[in-house]
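The values are calculated or read from the model by the stated rules, or taken from the named source; none is laboratory data. Since the structure is predicted, the reported quantities are computational estimates derived from the model, not experimental observations. Don't worry about glycine lacking a Cβ; one is built from the backbone with ideal geometry, like all the others, and counts go over all protein chains shown.
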Amino acid sequence: MIACQHRSAREIISDAGAGAAAGAIAATFVCPLDVIKTRLQVHGLPEVPQSGRRGSIIVTSLQNIVRTEGLKGLYRGLSPTLAALLPNWAVYFTVYGHLKSVLHSHVDSSGQLTFGANMIAAAGAGAATSIATNPLWVVKTRLQTQGMRPGVVPYKGIFSALKRIAHEEGIRGLYSGLLPSLAGVSHVAIQFPTYERIKSYLAKRDNTTPSELSPGKLAIASSLSKIVASVMTYPHEVVRSRLQEQGQVRNAEIHYAGVIDCIKKIYLREGLPGFYRGCATNLLRTTPAAVITFTSYEMIHRLLNRVLPPDEKHSETHPKPDGHVKPNKVSKAGGEDDDNNLPQSQNPSNERTLIPFGKTDRLRAGH
C-alpha cells in the first residue's frame with residue numbers, strides 16, 4: 001500500500017506556472033479562429049459567394065471582420081480570454097495534479113492511474129475551473145460578438161463589461177451558460193484520460209516513459225485526444241455560447257429561457273447541424289491550441305522541475321505528472337518508502353542510501 005500523498009509547493013508552483021504560460025501562448029496564437037468560431041455558434045453562417053466552397057467560410061469571415069472592424073476585430077476578447085485562461089489552466093492543472101495524487105491508490109498493473117481515476121480527476125478539475133472563471137468567459141463571448149450588434153452600446157473593456165453585466169443582469173448574468181459549461185466537463189473527462197493513454201501507448205512503443213516523450217509524440221497525443229473529445233462534446237459549446245450572448249440583446253426574436261429551451265429551439269429551427277455550427281472552425285482552432293498548450297505545458301513543467309529547488313520536507317511518495325506512481329529520490333530517515341525500483345545499499349551506520357538510476361552521486365536518506 002502506498003502512503004498518503006501530499007504535494008509539495010514546488011509541484012504546485014510548477015503545475016500552475018506551466019499551465020498558465022501554456023494557456024496564454026495557445027490563446028494568443030489561435031484568437032482569430034476563436035472569434036470566428038464564437039460568431040458562427042451564435043449567428044450562423046456568413047454570406048459566401050455562390051462560387052465559393054464551404055471551406056471558404058473561414059476566409060470570408062476573416063475578410064468581413066477585417067473590412068468592418070479592422071485587424072483589432074480579429075483579437076476581440078483576447079484580454080478576457082487571457083484573463084480567464086491564466087487562472088483557468090493554472091487552477092486546472094493544479095487541481096488535476098492534486099486529485100491524481102488523492103486517487104493514487106487506483107493504479108493498474110503498470111503503476112499508471114486507471115482510466116476511471118483519470119476521468120474523475122479531470123472532471124473535478126474542470127468543474128472547479130468552470131465555476132471560478134465563468135464570468136470572464138461571458139465577457140469574452142460578449143466582446144467577440146458585439147461588433148455584430150450595431151444597436152447595442154459596446155463594452156469598453158473587461159472591467160466595464162463585468163460591472164455592466166452585474167448591474168444590468170445581476171449574478172445570473174455573470175453565470176449565464178454555467179450549466180452547459182459544467183456539462184462541458186465531459187470534454188476534459190474524455191480528453192485528459194485519452195491523452196494519458198495515448199502517451200502511455202507511445203512511450204511503451206518507444207521503450208521509454210511518458211515523462212520523457214519527445215515534443216513530436218506529445219503533439220500527436222494531444223491532437224488526437226482533442227479531436228476525439230471535441231467531436232463527442234461540441235453541442236454543449238453552441239448552447240453555452242447562445243445563452244451567454246443573448247443577455248446583450250434586448251427584444252431579440254429568439255430568446256432562450258434556459259438550457260432545455262435553447263436545445264429545443266436549436267433543434268426545431270436548425271436540426272442536428274445546428275448543434276455543430278462552427279465545429280470545423282473549432283477543430284482548426286482547438287487542435288493546434290491543444291498541441292501548443294499540452295506540449296508547452298510538458299516542456300515548461302520539465303524546465304521548472306529542473307530550475308526550482310527541491311522541497312526537502314516533501315519526501316513522501318507521490319504520483320508523477322504523467323500519471324505514474326514513483327517514489328521520491330530523497331526520503332526521510334527511518335520512514336517507510338516504496339523504493340522497489342531503486343537499488344539499496346547499507347552503510348556502516350545502517351542508514352539506507354538510495355542510489356537513483358543514472359546518477360553517480362549518492363543521496364543519503366534524510367539529507
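Quick one: in segment 141-155, of everything that is at pLDDT below 70 and assigned to a helix (DSSP H, G or I), which residue is farthest from GLU69 (Cα to Cα)? Filtering segment 141-155 for residues that are at pLDDT below 70 and assigned to a helix (DSSP H, G or I), the one farthest from GLU69 (Cα to Cα) comes out as MET148. When SER214, SER222 are checked against the criterion of being modelled with pLDDT of 90 or more, among the polar types (S, T, N, Q) and crowded, with 20+ Cβ neighbours inside 10 Å, SER222 stands alone in meeting it. For PHE275, the requirement of being surrounded by 18 or more Cβ atoms within 10 Å (Cβ to Cβ) and within 21 Å of VAL35 (Cα to Cα) is met.
The condition of being free of Cβ contacts under 8 Å to residues at least 40 places away in the same chain, closer than 30 Å to TYR195 by Cβ, assigned by TED's automatic domain parsing to the domain that holds THR295 and outside any strand (DSSP E or B) holds for only one of ALA90, ALA121, ALA166, ALA128, that being ALA128. Summed over segment 64-96, the residues that are hydrophobic (A, V, I, L, M, F, W, C) and more than 18 Å from the chain's Cα centre (by Cα) give a count of 4. Of the residues THR133, THR141, THR81, the single one that is on the phi < 0 side of the Ramachandran plot, out of contact with any Gly (no Cβ under 8 Å at 6 or more places or on another chain) and surrounded by 24 or more Cβ atoms within 10 Å (Cβ to Cβ) is THR81.
Of all residues in segment 185-199, none satisfies being touching a residue at least 60 places away in the same chain (Cβ under 8 Å) and either outside the structural domain of SER223 (by TED's automatic domain parsing) or over 19 Å from the mean Cα position of the chain (by Cα) (or both).
For the residues SER181, SER223, the requirement of being farther than 30 Å from VAL152 by Cβ, assigned to a helix (DSSP H, G or I) and in the same structural domain as THR141 (by TED's automatic domain parsing) singles out SER223.
In segment 93-102, is there at least one residue being within 19 Å of ALA24 (Cα to Cα), among the aromatic types (Phe, Trp, Tyr) and at pLDDT below 85?
Residues of segment 93-102 that are within 19 Å of ALA24 (Cα to Cα), as a first pass: 93-96.
The next check asks that each one be among the aromatic types (Phe, Trp, Tyr); those that pass are 93, 96.
Keeping just the survivors that are at pLDDT below 85 gives 93.
Scanning segment 93-102 turns up at least one residue that is within 19 Å of ALA24 (Cα to Cα), among the aromatic types (Phe, Trp, Tyr) and at pLDDT below 85.
The residues of segment 283-314 that are modelled with pLDDT under 80 and within 30 Å of ILE263 (Cβ to Cβ) amount to a single one, ARG285.
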